[in-house]
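To start, the structure under review is shown below, and the notes come after it.
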Protein chains: 2
Amino acid sequence: MKQPIGVIDSGVGGLTVASELMRQLPKESIIYLGDTKRCPYGPRPKEEVIQYTMEMVHFLLGKNIKMLVIACNTATAYTLDLLKETLDIPVVGVIQPGARAAITQTRTDEVGVIGTEGTIASQQYPRTLKHIHTDLIVHDLACPAFVPLVEKGIVSGRDAYETVVSTLQPLKKYKNMDTLILGCTHYPMIRDLIQEVMGSTVTIISSGEETAREVSTILGYKKTLYVGNDAPVYQFYTTGDTAIFEMIASRWLEQKIEAVNKIHLTKVKSMD
Amino acid sequence: MKQPIGVIDSGVGGLTVASELMRQLPKESIIYLGDTKRCPYGPRPKEEVIQYTMEMVHFLLGKNIKMLVIACNTATAYTLDLLKETLDIPVVGVIQPGARAAITQTRTDEVGVIGTEGTIASQQYPRTLKHIHTDLIVHDLACPAFVPLVEKGIVSGRDAYETVVSTLQPLKKYKNMDTLILGCTHYPMIRDLIQEVMGSTVTIISSGEETAREVSTILGYKKTLYVGNDAPVYQFYTTGDTAIFEMIASRWLEQKIEAVNKIHLTKVKSMD
């Protein structure tokens, strides 16, 4: 099925998910929409996040997507169940794939989760993990310093290393913890640093990588993988500044991204 | 949803898949059926494998399973598409999950697959891998010596090591191959040996582990995970000798398995 996969995010973070989709599903076309103008969603009230997310979804449904990926932890927490129930196409969020991968990976049944303050406060990761595996021990930690670091492009060197070391310090005491979920779409950009700080006994789970894997699983299950020979088409939309978006997207996707479209989202009255 | 997950295999190999289901989905009940009497399926004609598999499926449908796992490479190759189309419940095979995990894992886009002679001859793994990722380089190798080794319980020590070393020799020349799929449900029992021989630069993918992960994904997607507090129930059926089955199952599942039921499968006229 040649229709594109739709990816929505509050900003640029979901580009790490798009990057993994491109790598793991190289034949699939993708439409990415980042609501950069109203980013971040984390501090916003639940109703507002739902409204903004619905506006993005409505826009992408108009582009005839075959599947929706909510590449934003906050939007996943607030809208995944709702969207799964109301849309005719499959919907995948970023929380469940990382949780499932951690359960597959751990041998000690003791896992860690790091994310933004909003994601950690929402308790969505511990809830999702324990929903499947009640006896799992989960350690979580908010890492508010990481997103600014990544957005400034400071992803290696002494300053970045020192920030990562001091931030992750509270997790180092859990000697039995063998798996750590990167519960924020920005964190894969500093994955190597996090791995170095946590040591080789801890397996790092990137929710973007795992989300792409589950998109592949669901497309396979639904028999909607594209199997033709046309090259994939990638389209990008933002509600904010296109030049900044193009710069970050080109860096993160390691290819020249241009012709990013600026759009204005408006309130959706109903989802018909 | 409290209904059990049904697992079918030509014999005992699928117990490694059942073991992973128990580990990753500790709340789920499982019914396992091994057609030990007519094992192995590999050398049998396609029509016969389809008939035997349908007999197993028919038996488990009578047990009200919520999902079917075909924990047998040969049966997956011949019946997955057919069963996906004819059954109302989700059907998962063992080939696709390992293939998808390899694509997620590889960074060099060069992967290996080992399996029985039948599985390798069927070319199902290369086909599934290239179906998703056309440019992947795939090296495959039949390892006929491994199943007898595992079934005799020789999973460590000098003899086992030497068999693994000499068998895997042809794959050692592919210096760029960074991922190896264990394309046979017996092989996880000698995973450590295979890892040692291939070296730490090669990531080993166990199709059982990955199949359980995808079962979790699909149950989550379909909202049919069991979320109550009852302990899981495990039931085992075999068409062959129950004592041998109990001995192998107890060893592989690392728990005392008894009260295995012996059944006789009969030809299914239609799938109604």
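At-a-glance table
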item	result
Cα gyration tensor category, rounded, prolate or oblate, for region B:139-252 with a/c compared to 1.5	oblate
Pair A:LYS46, B:LYS222: separation of 7 Å Cα→Cβ label points (nm)	3.0 nm
Net charge of Cβ neighbours under 15 Å - reference A:VAL12; Lys, Arg +1; Asp, Glu -1	-2
Three-way shape call for region A:1-124 based on the alpha-carbon gyration tensor, with the a/c threshold at 1.5	oblate
31 Å Cα-Cα threshold exceeded, pairs from A:LYS84/B:LYS267; A:LYS46/A:LYS256; A:LYS223/B:LYS262; B:LYS27/B:LYS262; B:LYS2/B:LYS84	A:LYS84/B:LYS267; A:LYS46/A:LYS256; A:LYS223/B:LYS262
Length-normalised contact order of chain A in % [C-alpha pairs under 8 Å, at least 6 apart]	28 percent
Identity and axial distance of the chain B residue whose Cβ lies nearest the axis relating B to A, Å	B:THR217, 3
Normalised contact order of region B:96-207, rounded percent, pairs of Cα under 8 Å and 6 or more residues apart	36 percent
Region A:190-272: trypsin sites (Lys or Arg not before Pro) in DSSP loop, at most 16 other beta carbons within 10 Å	A:LYS222, A:LYS223, A:LYS256, A:LYS267, A:LYS269
Label distances, nm, B:LYS222 versus same residue in remaining copies, Cβ-directed 7 Å point	1.6
Pairwise label distance in nanometres, A:GLN3 with A:LEU82, each label 7 Å out on the Cα-Cβ vector	2.2 nm
Cα-based Kirkwood hydrodynamic radius, chain A, one decimal, Å	18.8 Å
Inter-copy spacing of B:GLU85 label points, which lie 7 Å from Cα along Cα→Cβ, given in nm from shortest upward	3.5
Pseudo-label separations to other copies for B:ARG251 - Cα-to-Cβ vector, 7 Å, nm	5.7
Net +/- balance of residues flanking B:GLU48 in space, Cβ distance below 15 Å, scoring K and R +1, D and E -1	+2
Cut-off 12 Å between beta-carbons: net charge of the residues surrounding A:LYS84, Lys and Arg +1, Asp and Glu -1	-1
Helix-only CD estimate at 222 nm, as mean residue ellipticity for chain B, using -39500 (n - 2.57) per DSSP H run (n ≥ 4)	-13000 deg cm²/dmol
Sequence-distant residues sharing a close amide H with A:MET177 (under 5 Å, placed H)	none
Label-point gap, in nm, between B:TYR161 and B:GLN255 - each point 7 angstrom along Cα→Cβ	3.3 nm
Extension gain from A:ARG38 to A:ARG107, taking 0.36 nm per residue of separation minus the Cα-Cα distance	20.8 nm
Förster radius 45 Å - calculated FRET efficiency between B:LYS175 and B:LYS63, Cβ distance, rounded to 0.05	0.40
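Bear in mind that the values in this text are calculations on the coordinates, not laboratory data. These numbers were taken from a predicted model, which means no experiment stands behind them. Every residue, glycine as well, gets a Cβ built from its backbone with ideal geometry; the counts of neighbours run over all protein chains shown.
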